[in-house]
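Novice: Let me give you the structure first, and then I'll get to my questions.
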Amino acid sequence: MQDITERKQAEEQISNLAFYDTLTQLPNRRMLNDRLGQAMAASKRSGLYGALMFLDLDNFKPLNDTYGHGVGDLLLKEVAHRLTGCVREADTVARFGGDEFVVMLGALDGDKAESVAQAEIVAEKIRATLAEPYSLTFGHEGEAEKTVEHRCAASIGVVVFDSEADTEDILSGPIWRCIRLKRADAIWSGF
């Protein structure tokens, strides 16, 4: 009985490592691909659009270079927490790698223009939330804890998709052509 329990725990750990980012506990690329496939299948059934938002943190490297990777990791964890607070429970927030994140919004609207407007509202909420100051408390061995206040914005690219889209094109193709939120400002431009 104990062998079965240990084996199940090992299988769960392997599955977790395969589908989730170990630092942030967000879904990773593999899980994102799976959820995107599910969202596209749901879009085909419902006729509703979805959206993918690609986020790249601005001003991350200076923090990492000045205070070390441990403090950079604290920022990434806080960004992950803030992002999940900006979306519905049914939506997906994934860490794409490094300081890049992806937010997938499903079941927006049957009208593309309305779906773009809804994605724009969420992207602006994310931009404003991520632009709030971060208080990062850390301590190196043998030293007193320090708190650093850091400001970090995000560049956000958004693509609205339906069931006709190709997942590879969405994830690696001309993803920035539908909507682009400029760094730290709220100017939207179409293609």
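The values are calculated or read from the model by the stated rules, or taken from the named source; none is laboratory data. Worth saying up front: this structure is predicted, and the values here are computed from it rather than measured. Glycine also receives a Cβ, built like all others from the backbone with ideal geometry; neighbour counts cover every protein chain displayed. Areas reflect the complete protein model, heavy atoms only, side chains present, ligands, DNA and RNA absent. Shrake-Rupley method; radii C 1.70, N 1.55, O 1.52, S 1.80 Å.
Novice: Hey, rough spin-label estimate for residue 144 and residue 168, points 7 angstrom out along Cα→Cβ, what's it come to in nanometres?
Specialist: A separation of 5.8 nm, rounded to one decimal place.
Novice: Using 0.36 nm per residue, how much length does the chain from residue 9 to residue 33 gain when fully extended, once their Cα-Cα distance is taken away?
Specialist: Stretched fully, the residue 9-residue 33 segment lengthens by 6.2 nm.
Novice: Using a 7 Å offset from Cα along Cα-Cβ at residue 121, what residues in segment 55-99 end up with backbone N under 20 Å from the label point?
Specialist: Counting only backbone N, you get 83-93.
Novice: What does the accessible area per residue of the chain come to in Å², with a 1.4 Å probe and no ligands, DNA or RNA counted?
Specialist: That works out to 56 Å² per residue.
Novice: Are any of the pairs 61/146; 8/77; 61/112; 77/112; 125/146 more than 26 Å apart by Cα-Cα distance, and if so, which?
Specialist: 8/77; 61/112; 77/112; 125/146
Novice: In terms of solvent-accessible area of protein heavy atoms at a 1.4 angstrom probe, what is the ranking of 20, 134, 67, 49, highest value first?
Specialist: In descending accessible area the options line up as 67, 20, 49, 134.
Novice: Quick one: order 140, 69 from most to least accessible surface, probe 1.4 Å.
Specialist: 69, 140
Novice: What does the convex hull of the alpha-carbon atoms of the chain project to on average, in nm²?
Specialist: Taking the Cα atoms of the chain, their convex hull projects to 13.7 nm² on average.
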